[in-house]
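**Student:** Once you've had a glance at the structure underneath, I'll fire off some questions.
The values are calculated or read from the model by the stated rules, or taken from the named source; none is laboratory data. All figures in this text were calculated on a predicted structure; none of them were measured in a lab. Positions of Cβ are backbone-derived with ideal geometry, glycine not excepted, and every protein chain shown enters the neighbour counts.
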Ligand code: NDP
């Protein structure tokens, strides 16, 4: 069994990005600039945005955090989005989700300039992804593709089962792996909460991507020997054994599934660290596109 080490891979990737940024500086170009919009004080969102800003500093990017109050109206937020679209010094930006309930998330995502949409959530970018055109790919699926590529995991002709059809993970993952190219050229089954006989299908899978958010859902008797496992799930569960008072669990019963697998991502340390690295990569791409 080979561990798909997201920590090591993301740190290699950040090193490569940092090298490229130094070259850009040396040649007098401006460095990539990522902005993050955070509305309110949600603890998990504060943590995620904080680590995105820190990662920008690590690779030499400029970063801007626009922290707005929970009470901001939809119209005021749309004005901020317009300002970010018009700001020539910002290459890309993200709007951290979830937004407060009085704000229509789709309306906000639709207002983002697709050329600055480094999360790849705008319908124009999502459509381009499905049409196999050059675009921004959502960071989590992009990170999984990068892991598969760097570890040379064969996907061509394989039966891939993706569990979970969210717009940020499961559905784009199913599209990416069914596209032409490498990684890709797989035969993909996309499953969700209405899927019947789920374990009959996972037992036939060569590669399983778990993205549903139910800890230890995938058990050893649901997979065949030699399977490749990508575990996207991150759930905080209370724990007396951890000084933090909680532990992070994936969607896979790692202890029992790992011995049957050929490759597997750990949680934490698998898909998670790749997500931020790919956001940086998208920002670098956005910057280069704007400069060319
Ligand atoms: P969502 O809650 O948006 O989607 C969950 C999906 O799982 C839905 O499609 C749902 O089906 C499906 N589902 C729920 N129960 C079952 C079931 N019993 N059998 C089959 N399918 C089921 O989740 P996300 O995609 O946003 O996130 C999934 C997990 O990945 C979470 O733990 C999240 O924290 C984690 N995550 C990790 C990231 C990372 O960087 N590592 C990034 C993003 C998410 P239906 O559509 O029918 O409701």
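**Student:** Taking only region 222-248 into account, find how many residues are exposed (fewer than 12 other Cβ atoms within 10 Å of the Cβ) and either in contact (Cβ under 8 Å) with a residue 12 or more places away in the chain or within 21 Å of the chain's Cα centre (by Cα) (or both).
**Tutor:** Going through region 222-248 one residue at a time, the tally reaches 3.
**Student:** Looking only at region 200-216, count how many residues are near the ligand (Cβ under 10 Å from one of its atoms) and either more than 19 Å from residue 265 (Cα to Cα) or surrounded by fewer than 19 Cβ atoms within 10 Å (Cβ to Cβ) (or both).
**Tutor:** Result for region 200-216: 3.
**Student:** Filter region 260-279 for residues that are crowded, with 21+ Cβ neighbours inside 10 Å, closer than 13 Å to residue 208 by Cβ and more than 10 Å from the ligand (Cβ to nearest atom) and give the result.
**Tutor:** Selection gives 261, 264.
**Student:** Hey, can you tell me all the residues within region 221-236 that are within 16 Å of the ligand (Cβ to nearest atom) and touching a strand residue (DSSP E or B) at 6+ places or on another chain (Cβ under 7 Å)?
**Tutor:** 223, 229, 230, 231, 232, 233, 234, 235, 236 - these are the residues of region 221-236 that are within 16 Å of the ligand (Cβ to nearest atom) and touching a strand residue (DSSP E or B) at 6+ places or on another chain (Cβ under 7 Å).
**Student:** Let me ask something else. Run residue 214 past the list (1) in contact (Cβ under 8 Å) with a residue 24 or more places away in the chain; (2) farther than 30 Å from residue 124 by Cα; (3) part of a strand (DSSP E or B) and report the number of the one that doesn't hold.
**Tutor:** All conditions are met except number (3).
Listed here are the residues, each with its yes/no results for (1) away from the ligand (no atom under 16 Å from the Cβ); (2) not in a loop (DSSP other than H, G, I, E, B).
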site	(1), (2)
103	yes, no
106	no, yes
120	no, no
126	no, yes
136	no, no
155	yes, no
172	no, yes
180	yes, no
183	yes, no
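**Student:** Looking at the structure I just gave you, is residue 89 in a loop (DSSP other than H, G, I, E, B), within 16 Å of the ligand (Cβ to nearest atom), surrounded by fewer than 23 Cβ atoms within 10 Å (Cβ to Cβ) and touching a residue at least 40 places away in the same chain (Cβ under 8 Å)? Break it down into steps so the answer makes sense when it comes.
**Tutor:** Numbers: in a loop (DSSP other than H, G, I, E, B): yes; within 16 Å of the ligand (Cβ to nearest atom): no; surrounded by fewer than 23 Cβ atoms within 10 Å (Cβ to Cβ): yes; touching a residue at least 40 places away in the same chain (Cβ under 8 Å): yes.
Here the answer is no, as residue 89 does not meet what is asked.
**Student:** Let me ask another. Go through region 61-79 and report how many residues are more than 30 Å from residue 25 (Cα to Cα), in a loop (DSSP other than H, G, I, E, B) and touching a strand residue (DSSP E or B) at 6+ places or on another chain (Cβ under 7 Å).
**Tutor:** Number satisfying all stated conditions: 2.
**Student:** Against the condition modelled with pLDDT of 95 or more and either in contact with a strand residue (DSSP E or B) (Cβ under 6 Å, 6 or more places away or on another chain) or farther than 28 Å from residue 177 by Cβ (or both), how does residue 245 come out, does it pass?
**Tutor:** Working: modelled with pLDDT of 95 or more: no; either in contact with a strand residue (DSSP E or B) (Cβ under 6 Å, 6 or more places away or on another chain) or farther than 28 Å from residue 177 by Cβ (or both): yes.
Answer is no for this residue.
**Student:** Give me the pairs: first residue in region 157-176 and within 17 Å of residue 125 (Cβ to Cβ), second residue more than 8 Å from the ligand (Cβ to nearest atom) and modelled with pLDDT under 95, beta-carbon distance under 6 Å, and six or more apart or on different chains, which are they?
**Tutor:** none
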